[in-house]
Amino acid sequence: APNISVSAIQADLNQLQSIATANGGNRAHGRPGFKASIDWVKAKLDAAGFTTRVQTFTRSGATGYNLIADMPGGDLNNILMVGGHLDSVTAGPGINDNGTGSASILEVALAAKASGAAFSKHLRFGWWGAEELGLVGSTFYVNSLSTADKSKIKTYLNFDMTGSPNPGYFVYAGASQPTGSVAVQQTLVNYFTSIGVQTELTEVGGRSDHAAFARAGIATGGTFSGAEVIKTAAQATKWGGTSGVAFDRCYHRSCDTTANINVTSLDRNADAIAHTVWALAS
Ligand code: PHE
Ligand code: ZN
Ligand code: ZN
Ligand code: ZN
C-alpha cells in the first residue's frame, strides 16, 4: 500500500475548518456547513473518477445527506466498504470528530484510484450524515439496501476520530463485538506492530457507524484514537502524551479545531487504513 500523505489530509482538514468557519462554526446535521462539507468531498471524488451518489433523508425536520462513492472496477458481488461520519456536533467544527476519519478515507480513496491497482474486490466509500444524532445516516443507508445488496458488502471498515491530541492507538475488538472481524482486527494490529506502535483493543459498542452495519450482519472493524476517556499512566508510558488528561479534551467542544490534532496519530492511522484496504481488497 502507498504511504498516505499526511499533509494532504491536513489540507483537507483546513478546508473543513474553513467550511465550518464560513457557516456559523460547525458542520452539523441540518446546518449549511454540513451540506457544504458533502459538496466539497463529492467534488474531489468526482474529479478523480469515482461514481458518486448523494442519498437524502429527513431527521428532526431537516434534510440529511450521505455521500456514497464507488471506485470503478472489482467484483460487484464482493464489496469492501470504508466509511466515517462527516457531520459535527453543533458546538464546534468537528475536526478530530470526524474530519480526521473523513479526510483519511478520502485520501485513501484517491490513492487507491491513483495507484491504478486492480483490486479483486470492489471498493465503496461512505461519508455519513447525522451520526451525532444517533447513527442516523449510516442506519438509513443500510436500511435502504435490499437483502441481496447487503450480502454483497463483505466487510465494513469505520474510522471515527483518528487524530486525537493526546492519542491512544485503539483497534476495534473483533471477537467480543457483534460481527467484529478478527481478521480485520489482526490486519490493523499487524500494521501498527510493523511500525513499532502498541495497540489496545476497544469495545466500541454502538458508539459509531459500524454498528449500523453490524446490525445487518456485516463484518466490521476500525481504529480510534480516543475521546473523553482519561489516558492512564500505563497508556502514557507506551504511547507518550499526558496521563490524567482526556485523549481528546476538546471532544464535542468548540475547540475541536485544526489545532486539536496530533499529526503523528493522524498519519499512522491513515497509513493503517491504506494497509488494511490493500490487504483486504487485493
Ligand atoms: N462516535 C463517537 C462520536 O462521534 C465517537 C466515538 C468513536 C466513540 C469511536 C467511541 C468509539 O461522538
Ligand atoms: Zn503517511
Ligand atoms: Zn461525536
Ligand atoms: Zn464521531
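Kindly indicate the residue of segment 91-123 that is more than 19 Å from the chain's Cα centre (by Cα) and in contact (Cβ under 8 Å) with a residue 12 or more places away in the chain and also farthest from ALA279 (Cα to Cα) among those meeting that condition.
Our first condition is that a residue be more than 19 Å from the chain's Cα centre (by Cα); within segment 91-123, this holds for 91, 114-121.
Pick out the ones that are also in contact (Cβ under 8 Å) with a residue 12 or more places away in the chain and you get 91, 114-115, 117-121.
On the way: ALA91: 38, ALA114: 17, SER115: 14, ALA117: 12, ALA118: 13, PHE119: 10, SER120: 11, LYS121: 11 Å.
Only one residue tops the list, namely ALA91.
Restricting to segment 164-174, what's the tally of residues that are of a type outside the set (S, T, N, Q) and either touching a residue at least 60 places away in the same chain (Cβ under 8 Å) or not in a strand (DSSP E or B) (or both)?
Final tally of qualifying residues: 6.
Out of the residues in segment 217-251 meeting the condition of being within 16 Å of GLU203 (Cβ to Cβ) and among the β-branched types (Val, Ile, Thr), tell me which one is surrounded by the most Cβ atoms within 10 Å (Cβ to Cβ).
Here the answer is THR223.
Any residue in segment 79-95 that is among the β-branched types (Val, Ile, Thr), on the phi < 0 side of the Ramachandran plot and touching a Lys or Arg at 6+ places or on another chain (Cβ under 6 Å)?
yes
Of all the residues that make up segment 164-175, how many are more than 16 Å from ligand 4 (Cβ to nearest atom) and crowded, with 17+ Cβ neighbours inside 10 Å?
Residues in segment 164-175 being more than 16 Å from ligand 4 (Cβ to nearest atom) and crowded, with 17+ Cβ neighbours inside 10 Å: 5 in total.
I'm trying to understand the selection: among the residues of segment 229-241, which are of a type outside the set (Gly, Ala, Ser) and either under 18 Å from the mean Cα position of the chain (by Cα) or away from ligand 3 (no atom under 16 Å from the Cβ) (or both)?
ILE230, LYS231, THR232, GLN235, THR237, LYS238, TRP239
THR276 passes all but one of (1) surrounded by fewer than 16 Cβ atoms within 10 Å (Cβ to Cβ); (2) under 30 Å from ASN77 (Cβ atoms); (3) among the polar types (S, T, N, Q); which number fails?
The failed condition is (1).
So if I check each of ALA112, ALA103, ALA118, which one is over 22 Å from ASP256 (Cβ atoms) and within 16 Å of ligand 2 (Cβ to nearest atom)?
ALA112
So which of GLY205, GLY180 is at pLDDT below 95 and closer than 30 Å to THR90 by Cα?
When all the criteria are applied, what remains is GLY205.
With the condition being surrounded by 21 or more Cβ atoms within 10 Å (Cβ to Cβ) and of a type in the set (A, V, I, L, M, F, W, C), I'd like the helices (runs of 4 or more DSSP H) fully within segment 62-163 carrying at least 2 qualifying residues.
It comes to 100-115, 136-144.
Quick check: is even one residue across segment 36-48 among the hydrophobic types (A, V, I, L, M, F, W, C), free of Cβ contacts under 8 Å to residues at least 12 places away in the same chain and part of a helix (DSSP H, G or I)?
Within segment 36-48 (the criterion being among the hydrophobic types (A, V, I, L, M, F, W, C), free of Cβ contacts under 8 Å to residues at least 12 places away in the same chain and part of a helix (DSSP H, G or I)), the answer is yes, since at least one residue qualifies.
Specify which of the listed residues (ARG249, ARG215) is more than 19 Å from the chain's Cα centre (by Cα) and not aliphatic (A, V, I, L, M). First the steps, then the outcome.
Numbers: ARG215 fails: more than 19 Å from the chain's Cα centre (by Cα).
After applying the criteria, what remains is ARG249.
Conditions: (1) of a type in the set (S, T, N, Q); (2) within 15 Å of ligand 3 (Cβ to nearest atom); (3) not in a loop (DSSP other than H, G, I, E, B). SER265 meets all but one. Number of the miss?
All conditions pass for SER265, except number (2).
Report whether or not GLY206 is within 16 Å of ligand 3 (Cβ to nearest atom), surrounded by fewer than 20 Cβ atoms within 10 Å (Cβ to Cβ) and over 17 Å from LYS154 (Cα atoms). Even if it seems obvious, please write down each step before you answer.
Numbers: within 16 Å of ligand 3 (Cβ to nearest atom): yes; surrounded by fewer than 20 Cβ atoms within 10 Å (Cβ to Cβ): yes; over 17 Å from LYS154 (Cα atoms): yes.
Yes: the conditions hold for GLY206.
Could you list, in sequence order, all residues of segment 5-32 that are crowded, with 23+ Cβ neighbours inside 10 Å and more than 19 Å from ASN260 (Cα to Cα)?
Matches in segment 5-32: HIS29 only.
On the given criteria, is VAL197 under 17 Å from ALA274 (Cβ atoms), without any contact (Cβ under 8 Å) to a residue 60 or more places away in the chain and out of contact with any Pro (no Cβ under 7 Å at 6 or more places or on another chain)?
no
The values are calculated or read from the model by the stated rules, or taken from the named source; none is laboratory data. As the structure is a prediction and not an experimental result, all values here were calculated from the model. Don't worry about glycine lacking a Cβ; one is built from the backbone with ideal geometry, like all the others, and counts go over all protein chains shown.
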